[in-house]
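First up is the structure itself, then whatever we jot down about it.
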Ligand code: OGA
Ligand code: MN
């Protein structure tokens, strides 16, 4: 069902290493995911080091997160999409992705995420990053832009975190940052990995 999207993403990944797609999922799927994000009450401060929340540093990162679950509408839809993509990428590009993890993120007024890479060069754990935005009303004045840079740290692209916009990039090649949001900003950040799952 998602094959045309998978093809588009794969082509862009090969050609550019990243892609930004608007009006990404069908309206109904989007609405269910967005509703789950906003009715979730268990958002907790995010950590800096990959799988743990022990390493919190409010100077670098201020979002709060909650991991997606298969048992909810959002997890059922989004994780199914992502696992299909994982298979497609493995078959077409031999990436050997072993699993996908994803969390909702909530940036409240003033929250940001300093420029960073999702994976360190050479350390192969997070291979491909995805971000999916869940904000129905968002304009330039609301801040919270995602800024993407290239490998030489040259500015590449600004993404407004508008409803149903999807971003994907190679985790070790594109430094990126989230500018301070001026109101609540909802998204799903996810990663395809090639190591073993911890739990
Ligand atoms: C992240 C991240 C970008 C965004 O969670 O690692 O960079 O736009 N998120 O939310
Ligand atoms: Mn990131």
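Couple of notes before you dig in:
- Pairs with Cβ under 7 Å, 6+ apart, first in the range 105-127 and within 13 Å of residue 62 (Cα to Cα) and assigned to a loop (DSSP other than H, G, I, E, B), second more than 10 Å from ligand 1 (Cβ to nearest atom) and modelled with pLDDT of 95 or more: 108/184; 109/182; 109/183; 110/180; 111/180; 112/180
- On inspection, residue 172 qualifies as farther than 21 Å from residue 67 by Cβ, without any contact (Cβ under 8 Å) to a residue 60 or more places away in the chain and crowded, with 18+ Cβ neighbours inside 10 Å.
- A single member of 152, 108 is over 25 Å from residue 32 (Cα atoms) and modelled with pLDDT of 95 or more, and it is 152.
- Any hit, the range 174-197, residues being within 25 Å of residue 40 (Cβ to Cβ), modelled with pLDDT under 95 and over 17 Å from the mean Cα position of the chain (by Cα): yes
- All told, residue 88 falls short of being modelled with pLDDT of 95 or more and within 16 Å of ligand 2 (Cβ to nearest atom).
- The requirement of being under 20 Å from residue 164 (Cβ atoms), touching a residue at least 40 places away in the same chain (Cβ under 8 Å), within 15 Å of ligand 2 (Cβ to nearest atom) and not in a strand (DSSP E or B) is fulfilled somewhere in the range 138-148, by at least one residue.
- Hits in the range 114-137 - residues which are surrounded by 21 or more Cβ atoms within 10 Å (Cβ to Cβ) and modelled with pLDDT of 95 or more: 128, 129, 130, 131, 132, 133, 134, 135
- Within the range 159-168, the set of residues being away from ligand 2 (no atom under 15 Å from the Cβ) and either part of a strand (DSSP E or B) or over 15 Å from residue 33 (Cβ atoms) (or both) comprises just one member, 160.
- Unmet requirement for residue 70, which otherwise passes all of (1) outside any loop (DSSP other than H, G, I, E, B); (2) touching a helix residue (DSSP H, G or I) at 6+ places or on another chain (Cβ under 9 Å); (3) more than 16 Å from ligand 2 (Cβ to nearest atom): (1)
- Screening residue 146 on (1) surrounded by 18 or more Cβ atoms within 10 Å (Cβ to Cβ); (2) touching a helix residue (DSSP H, G or I) at 6+ places or on another chain (Cβ under 8 Å) shows it passes everything except condition (2).
- Verdict on residue 101 being more than 10 Å from ligand 1 (Cβ to nearest atom), under 12 Å from the mean Cα position of the chain (by Cα), surrounded by fewer than 20 Cβ atoms within 10 Å (Cβ to Cβ) and touching a residue at least 24 places away in the same chain (Cβ under 8 Å): yes
The values are calculated or read from the model by the stated rules, or taken from the named source; none is laboratory data. Please read these numbers as outputs of a predicted model, since none were measured by experiment. FYI the Cβ positions are ideal-geometry reconstructions off the backbone, even for glycines, and counts take in every protein chain you see.
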